[in-house]
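Please treat every number below as a calculation from the coordinates, not as lab data. Here the structure is a predicted model, which means the values were calculated and not measured. Glycine gets a Cβ as well: all are built from the backbone with ideal geometry, and neighbour counts include every protein chain shown.
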Amino acid sequence: MPKGAGIIERSLVQDDHILEHENLVMDGIDVSGRWNTMLKSRVHADRDLDAWDTVRQNLVATSIDNCIQCGMCTAGCTVAHEVEGFNPRQFIYWVRTGRTEELKNQADVVWRCVGCYICTHHCPKEVNTAEVIETIGQWLRTVVPERMDRAFHVNHQVYRNHLISRGRLNLPLLQTTFLRALGRQNELFAPEMKKTALKMVGDGRVLKTLRMGRPHRWRKNRQVLGSEA
Amino acid sequence: MSHETAYFPGCSLKTIDRAYDVSTRLVAGDLGLNLVEVEDYACCGVGELKGEGLKSHYLPGRNLGHLLQQGQTEVMVSCNVCYHELSRTAYAWSRNESVGTEINRMLEAAGEPGITETPSVRNTLEYLVTVVGLDKIAQRVRRPLTGLRVAPYYGCLYHRPGAMVSSIQVAGEDPERPHFMHDVLRALGAAVVAHPAETTCCGGKNLLSDERTAGKLTGRILSQAKEAGADVLALMCPKCAGGLDALQPRAIKAAGEGARLPVVYYTQLVAVAFGHSPEAAYLKDMESGSFDVIRRLLQAAPKPALV
Ligand code: SF4
Ligand code: SF4
């Protein structure tokens, strides 16, 4: 049996907080079996509220203040049903109560939000949950990048560079740059990719893409867009 | 009737997803809509800068500034991502004065025209239903899609979050259970197949970086639509098309053969029903076998009545 299998809402409890005993005697009474699982009490001494401030600084995410922890966001969330531990309500709770360690432990989970806006749409308190989660993910990128999948970093960087330097998306180039940076260029020769690529060369779409160019006076736009916030 | 409106195709429709752009233009032309492209467009930002606060409004803001500068206040958008991004910025500009001022300050610093009034950002689907009207669409049909079972698929950003994408709200679309695509397909004579995944997410944002999740999500959408009895899935977003059409083999890998299903843009179906050939609607650009399905349908059907 996996650790703590009997706990309801298991994903809310971290592994090292679960104590399982083979034989447990308490006050002379043998409580082995059904009662062998204990949770370490959570003492939360060092609240780190910097995270809350950082997230709030991003004007778009100030709505985080309105959250009443109702859980509607998690209930409908696309990714909560696919990725264990993905729980937008809980991420907001952690930010607001300064449980930064917990957040950092889940850094590789938080970024998997797909931006579907189901959460924002259903939030009864007008929290823009989707953008709050995106902001938390980006904040984690600056504090614990090493705990996040490289695919996430590369994906974000490739898009960002592309947007800033070109102002338009050259999608085939974007995909190629992404795969190369991860050493996954062999995927370019996967049958589905190869078929599409050859077809697009043949039917003129690649040429069209090469000719897309940049918006006018892009250099000045680039300075504004690329400057540090 | 001739009616002029601005039109924003965006990066992907201008290049690899031209099928959506071309079919939008064919349909608009047939319905008397004169589309004027937003000049000197930039990317809508595809949401990638959302973690950077105000910066996320820069690219959409620039596009809206250009729209207003060319003397137009209304823009029709086919791509759901562009529609969402432009709507989001128009909404932020109109609702929050300090955000609006900041957006214009950034634009001014780059020598770009600012936003001077709230532009009306319209989704093509909603525009066809509310401005043109279903009656008129039905009247223009030359080759009804009788016998074709179509599963409509809306994705996410057409109708979520309700308040931000205001044009569909104004139009009376239901943000919980959108039905405008159902309505249009019915007007074309197609059999609409309802299915549970009409508005579930395809995971497009992390299509490359989180393949596992994306594969599961696309696999589920396709298999649910197919299970419900669809011959084709009709969609309205090039990002969704990336996962559901071009990378369908990955969905099949994740969910099995049940996820093998031809995929089209709904505008392609409208174009075909209006009498254009599958080639002219660029159905050959689709990767999931939709060209053959439509060609077979047309071969089986009697020749269209002459206009
Ligand atoms: S739905 Fe809104 S109020 Fe409820 S927990 Fe989520 S963010 Fe908080
Ligand atoms: S936007 Fe992200 S957090 Fe919100 S419902 Fe979708 S996947 Fe979940």
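Table for the structure above
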{"read-out": "The stretch B:3-123 - percent relative contact order, Cα under 8 Å, separation 6 or more", "value": "29"}
{"read-out": "Listed pairs A:Lys208/B:Lys50; B:Lys14/B:Lys55; A:Lys208/B:Lys55; B:Lys226/B:Lys253; A:Lys3/A:Lys104 exceeding 27 Å between Cα atoms", "value": "A:Lys208/B:Lys50; A:Lys208/B:Lys55"}
{"read-out": "Relative contact order %, the stretch B:134-300, counting alpha carbon pairs below 8 Å whose residues are six or more apart", "value": "25"}
{"read-out": "Leading residue at positive end of dipole, the stretch B:198-307 (Cβ point charges), from B:Ala230, B:Gly219, B:Gly242", "value": "B:Gly219"}
{"read-out": "Relative contact order (%) - criterion: Cα under 8 Å, at least six apart; region: chain B", "value": "18"}
{"read-out": "Full-stretch length increase - A:Asp149, A:Asn23 - with 0.36 nm per residue and alpha-carbon distance subtracted", "value": "41.4 nm"}
{"read-out": "For the protein assembly as shown, Kirkwood radius (reciprocal of mean inverse C-alpha pair distance, Å)", "value": "24.5"}
{"read-out": "Alpha-carbon centroids, the stretch A:153-180 and the stretch B:244-307: separation in whole Å", "value": "30"}
{"read-out": "Cα-based shape type of chain B, given that a ≥ b ≥ c are square roots of the gyration tensor eigenvalues and the cut on a/c is 1.5", "value": "oblate"}
{"read-out": "Three-way shape label, the stretch B:139-226, alpha-carbon gyration tensor, a/c 1.5", "value": "oblate"}
{"read-out": "Partner aspartates and glutamates for A:Lys125 [C-alpha distance under 16 Å; skip if fewer than 8 residues away on the same chain]", "value": "A:Asp65"}
{"read-out": "Residue-averaged beta-carbon neighbours from other chains (10 angstrom radius) around A:172-183", "value": "1"}
{"read-out": "Under the Karplus curve 6.51 cos²θ - 1.76 cosθ + 1.60, θ = phi - 60°, whole-Hz ³J(HN,Hα) for the stretch A:77-87, x wherever Gly or Pro sits", "value": "4, 4, 7, 4, 7, 10, 10, 4, x, 7, 8"}
{"read-out": "Förster radius 60 Å - calculated FRET efficiency between B:His3 and A:Ser41 (Cβ-Cβ, nearest 0.05)", "value": "0.30"}
{"read-out": "A:Leu173-B:Lys284 pseudo-label distance in nm [points 7 Å out on the Cα-to-Cβ vector]", "value": "2.7"}
{"read-out": "Computed [θ] at 222 nm, deg cm²/dmol, chain B (DSSP H ≥ 4; -39,500 (n - 2.57); rounded to nearest 500)", "value": "-12000 deg cm²/dmol"}
{"read-out": "DSSP-defined beta bridges in the protein assembly as shown - what % are antiparallel, rounded to 5", "value": "20"}
{"read-out": "Cα gyration tensor, the stretch A:50-147 - rounded (a/c under 1.5), prolate or oblate", "value": "oblate"}
{"read-out": "Test item: A:215-227 mean partner chain Cβ contacts at 10 Å", "value": "5"}
{"read-out": "Separation in nanometres of the label points that stand 7 Å from Cα toward Cβ, at A:Ser165 and A:Gln57", "value": "2.7"}
{"read-out": "Sparsely packed GluC sites (Glu not before Pro) within the stretch B:143-204, loop by DSSP, other Cβ within 10 Å at most 12", "value": "B:Glu176"}
{"read-out": "With at most 16 neighbouring Cβ atoms within 10 Å, loop GluC sites (Glu not before Pro) (DSSP) excluded, longest segment of chain A", "value": "A:127-227"}
{"read-out": "Loop-resident sites, the stretch B:237-307, for GluC sites (Glu not before Pro), counting at most 11 other Cβ within 10 Å (DSSP)", "value": "B:Glu279"}
{"read-out": "Residue mean of other protein chain beta carbons inside 10 Å, B:202-214", "value": "6"}
{"read-out": "Spin-label proximity, B:Ala228 to the stretch B:144-172 - amide N less than 20 Å from point 7 Å beyond Cα toward beta carbon", "value": "B:145-160"}
{"read-out": "Where a label projected 7 Å from the Cα of B:Arg149 along Cα→Cβ would reach, residues of the stretch B:206-246 with amide N under 16 Å", "value": "B:222-234"}
{"read-out": "Rounded FRET efficiency, nearest 0.05, which uses the C-beta distance separating B:Glu97 from A:Glu84 and R0 of 41 Å", "value": "0.45"}
{"read-out": "10 Å Cβ shell holding at most 16 others, DSSP loop, trypsin sites (Lys or Arg not before Pro): longest site-free stretch of chain A", "value": "A:48-124"}
{"read-out": "For B:Pro152, net neighbour charge (Lys/Arg +1, Asp/Glu -1) across residues whose Cβ lies under 12 Å away", "value": "+1"}
{"read-out": "Rounded tilt (10° steps) of A:171-181 against the dominant C-alpha axis of chain A", "value": "60"}
{"read-out": "Using θ = phi - 60° and Karplus 6.51 cos²θ - 1.76 cosθ + 1.60, couplings along the stretch A:93-101 (whole Hz; Gly, Pro as x)", "value": "4, 4, 4, 6, 9, x, 8, 5, 4"}
{"read-out": "Unit charges on C-beta of K, R, D, E only; dipole of the stretch A:150-227, Debye", "value": "420"}
